[in-house]
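Please treat every number below as a calculation from the coordinates, not as lab data. This one's a predicted model, so the numbers in the text were calculated from it and none came from an experiment. For neighbour counting, all protein chains shown are included, and Cβ atoms are generated from backbone atoms with ideal geometry for every residue, glycine included.
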Ligand code: IYR
């Protein structure tokens, strides 16, 4: 049965958003991780949260593969570093290298084996009906992007962190994660506690005036 949603008065809505901003604004991408364990149940809740995202025609075109097995993570890291090494040695442009200098990244992806979990997110391009025919999905990239946003926010609110990582090309992830050809790798996310001494670069966020126009 269709049902009504709770009403929040405008002043209360504004107040809640101002508070939410403080929490959200304290999130930073971390690249120095602790190896402290994260319970599987926490990952399950985080994925359930991601699965509440809106999606085109409610097709929910996301799949999450959570890798906790050390041998699987080792394999994953090896393949990722192979691709990243080619990127940093051959494919990167001078302009791109300049843009990344501030972040200090390189091909070494230690976080994949340090992290207790690595979630690989897939975008389902189409579904398959029982008779083998294709079921069309809509706005898959947008939908999966929104779901990943939910996931990042939820992890942050729980005191955990992640690093959205998109090794390019990523097609090998489908093989490692045993996913069908109907799905494309979207992003790889280690789920971790930040290292107690982790530091992040002093980056500035664009101001409201820079990112918004009111008409
Ligand atoms: N995928 C590479 C390079 C990289 C690209 C961007 I854009 C970043 O914001 C960070 C890194 C890597 O993960 O090292």
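Couple of notes before you dig in:
- Rounded Å value of the spacing that divides the Cα centres of the stretch 5-39 and the stretch 90-111: 29 Å
- Averaged over residues, the count of other Cβ atoms within 10 Å places the peptides 140-152, 160-172 in the sequence 140-152, 160-172, highest first.
- Of the peptides 66-72, 198-204, the ranking by mean beta-carbon count within 10 Å, highest at the top, reads 66-72, 198-204.
- Its Cα gyration tensor gives the chain an equivalent ellipsoid; the semi-axes, largest first and in whole Å, are 29, 26, 19.
- Taking 0.36 nm per residue of separation and subtracting the current Cα-Cα distance, fully stretching the chain between residue 35 and residue 97 would add 19.4 nm.
- Protection proxy ranking, highest mean first, for peptides 34-41, 11-18: 34-41, 11-18, where packing is the per-residue count of other beta-carbon atoms within 10 Å, averaged.
- Per-residue ellipticity at 222 nm computed for the chain from its helices equals -11500 deg cm²/dmol, with DSSP H segments shorter than 4 residues left out and the rest contributing -39,500 (n - 2.57).
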